[in-house]
Amino acid sequence: MKIISLNITEFGGLRDFKLDFSDGLNIIKGNNESGKSTVSLFIIYMLYGLPSKKRANTPYEYDKDRSLSWDNSKAEGSIIIEDGGKTYRIERKTKRKGGSGSDAEMTDLDTGKIEYRGDKLGESLFGVSRETFASCLWCGQTGASSISGNEISDALSNLSLTADESVNADKILKTIREYRKRYRYEKGEGGLITETENKIGALKARKTDIEKRISENESILAERENTNKKINDAENRLLIADKRRKAAPKIKLLSRFEMIAEYERELESYQKKLDDIKTDYGFPEEPTAVSSAKLDLIYGDLKNKRAEYRESCKKRDLRSSDIDENAVKTAEKITLLGGKDAFCGRIRSDLSSIRKKRVFSLVLLCISLLALLLGIILLTNAAAAAIISSFSVCTVSAFGAFFAYYGAVKKKKSAVSELASINTGTESYEQFIEYCFSEKASYEKIKAENERVEAEVKNAKKNLEDALNEADNALAQYGRASKASCEDELAVLIEDIRSYLEKEKTILGNITRISVLLSKEKEDLKNFDEEVIKAELLQEKIDGFPMNDGEIEAEYRTALKERDALKDTLSKLNVKLNSATELADKLADLQGEIETLEEQKKDFEKKFRILDKAFSAVSEASENMHRVFAPKIRERTGERLSEISGGKYSQIFLSDKMSVEVEISGTGRSAQALSGGTTDAVYIALRLSLTEYIFDKKVPFFMDETLAHLDDIRASNALSMLNEYISEGNQGVLFTCHRREAELCGKLGIKYNLIEI
């Protein structure tokens, strides 16, 4: 079982107080008088209600005056728990005067079904009593629980045997033995049972003597006594029958008047209940079914709007950020230079023109050289002039082609430089440019989608704010203040209105039913005066219940006939009867004394058997504890004590008599030699070991200033041990007024939930 949250409506000095717990370690830190004690009392109250007596070392000494609200003597609140994979809400309410009891109600939050209603919720959840739960799971300081000096051995022994250090098994056995001796001595005769048997024997002897003396007249005496009894009964029946015969109509009328008064009392009671529920719920205006349905719509709309807002925020949070921003910038730069196609065409042209112009220039140059060579060889004026003329033309053309080629080279260099400016080369520039424009297209698409999502988030947020405003207005209409979770407060209001309407409907139905019956009776009896009828019956001393006329008359005649016959029989018996009357009276007295003593003897024997069984049961339990349970507890407690002390007291153990001993220099030293901090370490280890063996389910473990007397090293070891317990699926709650525990957890890497109050 784990506590998820608690909500104190009214308890002690706290009102409208809420705490949220985590699954693991919860450190509740607060100054003195901040409410830590009240919170711990409240947890036990929700599980077990208010106790009838104080108990030492259960978290503080319980006190109704301390638990009930200081304002109106009420205790009310709820806790949310997780148990067996399910979530439940536990509610309890107690009022000192004029209110209902403190029964708890546990509701399955998944199904809405009430799984338990009653005062013993803690016993149903854990299978143990309040004392065992508090004694094992609430770990305070040994000083606070009177465990010190010579008392520590007895306290630990009692705690191991009974889960309550205040209950001493040896003292119980001694007390039972003393009570048992009152009824029968352990050796020889004696005790109340033997004394009673002797008295009965003496009285029976006297009875036998009297019976012998009146044996002859016994039958006559018995018959006369029986006849006298019958005559008395007949006289009484005759008197009653005669009065009923005369007053039957009046008695019937009076009973109907009493019914009218009862109807009026019931109406007044139901009207008071109606006024009380209006006061209890405290609505500024009386709710109706229509208002309940309207609140349902507001509640549903609020939940939908919050879900829509969360979903839109989730979409926004899932936006992609994998776009190559450099590629996008490159694409934008190319766009400014004329676009992808124009840019690629120009680069392609600049890179390919150099090859053509280079070939053309080389061809013209070769032709010019060939013409010059022919002119030199032929040496004729006409041929030479023609060739030289051709050579001149070709030379000019070659130079023109060369300059064209030089221009193409410059273009290529420019193209290469331009490609380098966008971080690519001449081999794969087209694929790179395609990639840049692809990234730019993806970027623009994501940008458009992000703008759409942002608009959706903004719209969802506005819708949620509108729904929250509507919910706040609805809460204010019924006198409820909006809190952190508006949905929860609205759900509580809706549940309160439904509860109010259901109670109001039941009460109004009863008022209508009783009003109809009352109106009919008043109409039938409007011509009769109740006081006059009462005065007449009082004067006549009439008692009894009305019967029909035939029954009354038959009863009267039968009683009259029977009385007369019995009187005749009595007259005949008186003639025969002698002095046996006096002896019979003595015999009757003796018989009464004997019967009284025999009943006393049976009672004494019954009590003796109960005490004998109790003595055997406690003896057997004590023996089993020392033989089976104690060794396991000793072993586990010793391991934990060694862990807390860091191995310094590795020989700490619990003896067969459950006394704590430490081996120092080869000599066993008693618990009196331990320091206060070591004694607290013993206490923590023993509590955890008991919890491990007593409870068959995961349970929370509570520590109230338990580490105050431990130094930092031992406190750290104790926290590590508690963390091991929590790591097994349990929950831990530590109350403290210092920050030391939280700081130590931080150093140890122990996860914790710090709650400051």
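Since every read-out is calculated from the coordinates, none of them should be taken as a lab result. Predicted, not measured: the structure shown is a model, and the values here were computed from it. Every residue, glycine among them, receives a Cβ derived from its backbone with ideal geometry; neighbour counts consider all protein chains shown.
Can you sort M46, M259 from fewest to most other Cβ atoms within 10 Å of each residue's own Cβ?
In increasing order of surrounding Cβ atoms, one gets M259, M46.
K520 to A455: FRET efficiency via 1/(1 + (r/R0)^6), r the Cβ-Cβ distance, R0 51 Å, to the nearest 0.05? Working shown, then result.
Working: r = 71 Å, r/R0 = 1.38.
About 0.15, to the nearest 0.05.
Can you spot the lysines whose alpha carbon is less than 18 Å from K181's alpha carbon? Ignore those fewer than 8 places along the same chain.
K171, K601, K602, K606, K607, K613
Can you tell me how much longer the chain between R245 and N226 gets when fully stretched, taken as 0.36 nm per residue apart minus their C-alpha distance, in nm with one decimal?
4.0 nm
Fewest Cβ neighbours within 10 Å first, please rank D108, D496, D275 accordingly.
D275, D108, D496
Which FRET efficiency, nearest 0.05, do L369 and K410 yield, Cβ-Cβ r, R0 25 Å? Before the final figure, lay out the partial values.
On the way: r = 26 Å, r/R0 = 1.05.
Calculated value: 0.45.
Determine the gain in length on full extension of the stretch L560-N753; use 0.36 nm per residue of separation and subtract their C-alpha separation, reporting nm with one decimal. Write out the running numbers ahead of the final one.
Working: separation 193, 0.36 × 193 = 69.48 nm, distance 8.93 nm.
Full extension of this stretch gives 60.6 nm more.
Can you tell me which of 702-708, 748-754, 488-494 comes out highest on packing, and rank the rest after it, using the mean Cβ neighbours within 10 Å? Don't skip to the end; give the middle numbers.
Working: 702-708: 22.7, 748-754: 15.1, 488-494: 17.9.
Top to bottom by mean Cβ count within 10 Å: 702-708, 488-494, 748-754.
Residue-wise, which Karplus ³J(HN,Hα) couplings in Hz belong to region 449-458, taking 6.51 cos²θ - 1.76 cosθ + 1.60, θ = phi - 60°, and x for glycine or proline?
Result, rounded to whole Hz: 5, 4, 5, 5, 5, 4, 5, 5, 4, 4.
Assuming R0 = 51 Å, can you tell me the calculated FRET efficiency for the pair A307 and I713, based on Cβ-Cβ distance, to the nearest 0.05?
The pair A307/I713 has a calculated efficiency of 0.50.
Mind listing the long-range amide H neighbours of L734? Cut-off is under 5 Å, sequence gap 5 or more, other chains count too, H placed in the peptide plane at 1.01 Å from N.
Long-range HN contacts for L734: N26, I27, I28, M703.
Are any of the pairs K534/K567; K113/K272; K246/K567; K113/K751; K29/K113; K212/K572 more than 27 Å apart by Cα-Cα distance, and if so, which?
K534/K567; K113/K272; K113/K751; K29/K113
Could you let me know the centre-to-centre spacing of region 440-504 and region 689-747, using Cα atoms, in angstrom?
40 Å
Straight-line reach from K698: which lysines have a Cα under 16 Å away, not including same-chain ones fewer than 8 places off?
K2, K86
Mind checking region 447-542 for trypsin sites (Lys or Arg not before Pro) that DSSP puts in a loop (not H, G, I, E or B) and that have at most 15 other Cβ atoms within 10 Å?
K483, K526, K541
Obtain the nm distance between the two label points defined at K606 and K272 by a simple spin-label model: each point lies 7 Å from its Cα along the Cα-to-C-beta direction.
Inter-label distance under the simple model: 3.9 nm.
Taking the beta-carbon count within 10 Å as an exposure proxy, list I684, I377, I347, I610 from fewest neighbours to most.
I377, I610, I347, I684
Where a Cα-Cα gap under 17 Å defines reach, which lysines qualify for K278, not counting those fewer than 8 residues away within the same chain?
Result set, ordered by chain and number: K503, K505.
Which whole-Hz couplings ³J(HN,Hα) result when phi for each residue of region 223-228 is put into the Karplus expression 6.51 cos²θ - 1.76 cosθ + 1.60, θ = phi - 60°, listed in order with x for Gly and Pro?
5, 5, 4, 5, 5, 4
Counting other Cβ atoms within 10 Å of each Cβ, which GluC sites (Glu not before Pro) in region 418-480 have at most 15 and sit in a DSSP loop?
Listed in order of number, the matching sites are E427.
How much length is gained if the chain between T87 and N469 is pulled fully straight, taking 0.36 nm per residue apart and subtracting their Cα-Cα distance, in nm to one decimal?
Working: separation 382, 0.36 × 382 = 137.52 nm, distance 3.01 nm.
Going from the current span to full extension adds 134.5 nm.
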